[in-house]
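Below is one structure, written out as structure tokens; comments come after it.
Computed from the coordinates by the stated procedures, all read-outs in this text should not be read as laboratory data. What you are looking at is a predicted structure, and each value in this text was computed from that prediction instead of being measured. Positions of Cβ are generated from backbone atoms using ideal geometry, with glycine treated the same way; all protein chains shown enter the neighbour counts.
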Amino acid sequence: MPGFDWSTVPTRLAAELARELALEEVAGGPAAALRATFGSVPRVDFVRIAWPVLRDRWLATDADARADVVAGLRAAGLGDHETAPRGAEAQLVYLRSLRNTGRLRKLVLDRFLELGEDPDHHQPNEPIDDEGPVLKSATPLPLPEDPATVDLGAKVEAAWAELRTELAAVLAHLELGAQLTLTLDPTAGGTGDATYTVEFVMFDENLLHAEAVGNAALPPGHRLDRHAIADLVALGWSPPGVVDGTTDNFGIQMPTSDADRLAAIAVRTLREVYGTPHPAFLTYSATALEGEVEVPALGAARRVPGGGGTAGAPAAHDPGAPLPDRVRAVVSQLLSRPVDELPVDADGDIAIRSGSAMVFVRITDDPPLVEVSSPVLTEVRATQRLYERLSALTKTLPVGRLYLEDDTVWASVGVFGTDFQPTHLSTAIRVMTGLADVLDDRLQGDFGGKVFFGEALPERREPGTHGERTGMYL
């Protein structure tokens, strides 16, 4: 099947999109304007902005596309999906009743991409209604994101951007002789006895010295292969022993005026070479000859506790304690880790690794609720078969649900914050860590996509052969 091309979208529809969205007129007509605004291949943001036009100008007149979209949305459980709408008018009433959510955007986008791939839909001689020239205007502002939609990719990117910004600020003002060390937590990161670190030392008032751990300090099975070493060199690191002061580690020296660049190199090293999935998996310490050095917080990374320790959180069973303290106490007991060492990101979510899966524990205030959820599978294509599988699996769960948001399959179990019961949360976490680690591999085998800790796989077009029995976990 040929790839998507804006010029293959029916000319009438392209003109109506450009006109209704007030796109700036460019040489090449509406198709070129759409390409300049939304890229060569549109993404979900296009549907977020253009949904009313797509609904009333495209789906209102294209019976096949409308039937496909309605079937997909009903299978996803959106709106009043119990009764099938009969006829064009009923289908349009159903479409107009829906909120512009992430699942809607993904389904509509998939069908629109098929429209641009099918040359039979291309009608170059079709007349265009002349309702005046296209209004010249700046690209329209994106509409607010639906608060029910969880954009996992944006959440992770924001955490890394925050770490880079705050690390650059700390490096620019690091005390003379002070050492700052960032470490991938071996327990949280699942690296066993391997410790991946990047450390910085202020050599003099204008010179930062940085080192990234090399193979001499890593155990067999966790050492960097030639591709990882090549990536380090490409980022700007010199091989071990080349930079003065290094022996077994990769090294860089830069003036403090390049602190932002050094921070960017360090963040990419920790993320892309050492495989840190999220800044919440990093710990940091800042020391000098006289002891610990005070530095601002580094985003979601956790400061290594000082020798004096910290006050313990109220017990999980203390009804007078705030809900966040009680939740952290439960997780601390489950993981056998101090409360102040739990991996907590900037949003306050606690991240727990379970094999190839990641589980998040999130607290909401209104209503008081603790949500235990896992992005079981990302970068997955929405299909009728996938929705049917998720629906069938959800029916086997006494509590919780499986659903698709944008390109991510989520598993979720909620625990009431009112009259909070620690045993309920403990059970929900145990359930989710067991369920997610098994289910992500099974779904990936049939539908492709990417598990949180693993590589992406292509989709298997034929139905899976194994039947999931999730009841054993819940």
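Values for this structure:
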{"quantity": "Förster radius 30 Å - calculated FRET efficiency between GLN421 and SER391 (Cβ-Cβ, nearest 0.05)", "calculated": "0.55"}
{"quantity": "Karplus (6.51, -1.76, 1.60) ³J(HN,Hα), θ = phi - 60°, over the range 224-230, in Hz, Gly and Pro reported as x", "calculated": "6, 7, 5, 5, 5, 5, 4"}
{"quantity": "Rounded to whole Hz, the Karplus (6.51, -1.76, 1.60) HN-Hα couplings of the range 202-217, x for glycine and proline", "calculated": "8, 6, 9, 5, 10, 10, 9, 10, 10, 9, 10, 4, x, 5, 4, 9"}
{"quantity": "Distant-in-sequence amide H partners of ARG303 (H built 1.01 Å from N, under 5 Å)", "calculated": "TYR284"}
{"quantity": "Point-to-point label distance, ASP231-ALA60, nm (Cα→Cβ direction, 7 Å offset)", "calculated": "5.0"}
{"quantity": "Karplus (6.51, -1.76, 1.60) ³J(HN,Hα), θ = phi - 60°, over the range 351-365, in Hz, Gly and Pro reported as x", "calculated": "9, 10, 7, 9, x, 8, 10, 10, 10, 10, 10, 10, 10, 10, 8"}
{"quantity": "Two-site FRET efficiency, HIS173 against VAL53, from Cβ-Cβ distance with R₀ of 51 Å, rounded to 0.05", "calculated": "0.50"}
{"quantity": "Positive-end extreme of charge dipole, the range 164-267 - chosen from LEU232, ALA172, THR256 (charges on Cβ)", "calculated": "LEU232"}
